[in-house]
Amino acid sequence: MQLSDLDGRSRWQCQSCGYVQYENPVPGVGVLIENDDKLVLVQRDRPPRAGEWALPAGFIEADESVEQAALREALEETGLRLELVELFGVYSFPEGPPRSGLIIFYRAHPLNIGELHAGDDARAVGLFAPEQLPAICFRTHREVITRWQEMRMLSALGLKEEGPSGMLIRRATPADYDAVIDLMKLIPAELNMDTARRNQMLGELRHNANVEVWVAESDVHTITGFAALSFTKTLTDMRAWLDALVVDPEFRRRGVGRTLFELALRRARMRGAAQLLVDSSRGSPTALDFYRAVGFDAEEIERIKIR
């Protein structure tokens, strides 16, 4: 075998028969096991990431379907027999470990929760509420759990991704950032935003992992409002700030602002914050009236106690 340049990549090839050794991703499966609004997690007993927490997951055997693999892995690691609810998502991990792969996640309900116990490859197993999850070791598991948390949050608000007046409420994507910054100009402090300030905000939206932005989108795919949250972990607790909550004037008095606020409040609670704070000095009189109406106190740095 020698390295050859094939299809724009360096691949191992036999110089006698022409056989090419392709390095394809391995398929795996993971399960979000829900019980009474809690999620089943396992503490791994073997490398990689022994001693850390993750979803029940593993690789698919050559003689089984994806669904069979999901049921088997859950039974081996947690002792639970499952009813699969839905295919929840497909994620890739080209970075490993230990090699490139893709993982298919299912939502499921346990049929024998009383028999939950640590099994094969698991040091411990537990049920965790969304706001009490331990650190999760694998990126793909963190991403799918975040989506699961967001789905449950919207459902708890009675939205199911559908907001008031036909609005869609969802997490912002990079394609939304220009529209979000355009709405930022409605804040008095940003009225005269220049190019440098705009680029600074774009950079924060793209690269600051502590910032979350949620948008309201109309039925014609127009961003009509947004809520921006930032989270800071201090020595003693988690701080949640409502950085901005803006609604296009044409769409006010339709419940969009209150829905975005309720979502921000629930998201702060889910992240473990004891208070949600807002710097009201940057707000317009309309914004200040709104903050009072939803329960903030009457200080320059206003707060709502969450728990």
Per the helix-only model, the chain has a calculated mean residue ellipticity at 222 nm (DSSP H runs of ≥4, -39500 (n - 2.57) each, divided over all residues, rounded to the nearest 500) of -8000 deg cm²/dmol
Using alpha-carbon positions, what is the distance between the centroids of the range 92-143 and the range 222-275, in Å? 29
Measure nothing but the geometry: give the 0 to 90° angle between the long axis through the Cα atoms of 139-156 and the longest principal axis through the Cα atoms of the chain, rounded to 10°. 50
Fluctuation leader among Met153, Met193, Met238 - the chain, Gaussian network, Cα springs under 10 angstrom: Met193
Magnitude of the Cβ-charge dipole (Lys and Arg +1, Asp and Glu -1) of the range 2-112 about the Cα centre, nearest 20 debye, reported as 340
Over the C-alpha atoms of the range 26-156, what are the Rg and the largest Cα-to-Cα span, Dmax, in Å? 13.5, 40
Given charges at Cβ of Lys, Arg, Asp, Glu: the chain dipole, positive-most of Ile223, Ile60, Ser16: Ile223
Taking GluC sites (Glu not before Pro) that fall in a DSSP loop and have at most 16 other Cβ atoms within 10 Å as cut points, what is the longest piece of the chain between them? 162-298
Short version: ³J(HN,Hα) in whole Hz for each residue of the range 128-133, in order, from phi by Karplus 6.51 cos²θ - 1.76 cosθ + 1.60 (θ = phi - 60°), x for Gly and Pro, what are they? 10, 6, x, 8, 10, 5
If you fit an axis through the alpha-carbon atoms of helix 285-294 and take the longest principal axis of the Cα set of the chain, what angle between them do you get, 0 to 90°, nearest 10? 60
Would you mind estimating how fast the range 164-305 diffuses translationally, via Stokes-Einstein at 10 °C and 1.306 mPa s with the Kirkwood radius over Cα pairs, in µm²/s? 103
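Hey, what does the equivalent ellipsoid look like for the chain, semi-axes from the Cα gyration tensor as sqrt of 5 times each eigenvalue, largest first, whole Å?
Equivalent ellipsoid of the chain: 42, 26, 18 Å, largest first.
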Note, the range 173-184: 3J(HN,Hα) by Karplus (6.51, -1.76, 1.60, θ = phi - 60°), whole Hz, Gly/Pro = x, goes 10, x, 5, 8, 5, 4, 5, 4, 5, 4, 5, 4
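Coordinate-derived values only; no laboratory data. Computed from a prediction, not measured in an experiment: that's the story for all the values here. A quick note on method: Cβ atoms are made from the backbone with ideal geometry, for glycine too, and the neighbour counts reach across all protein chains shown.
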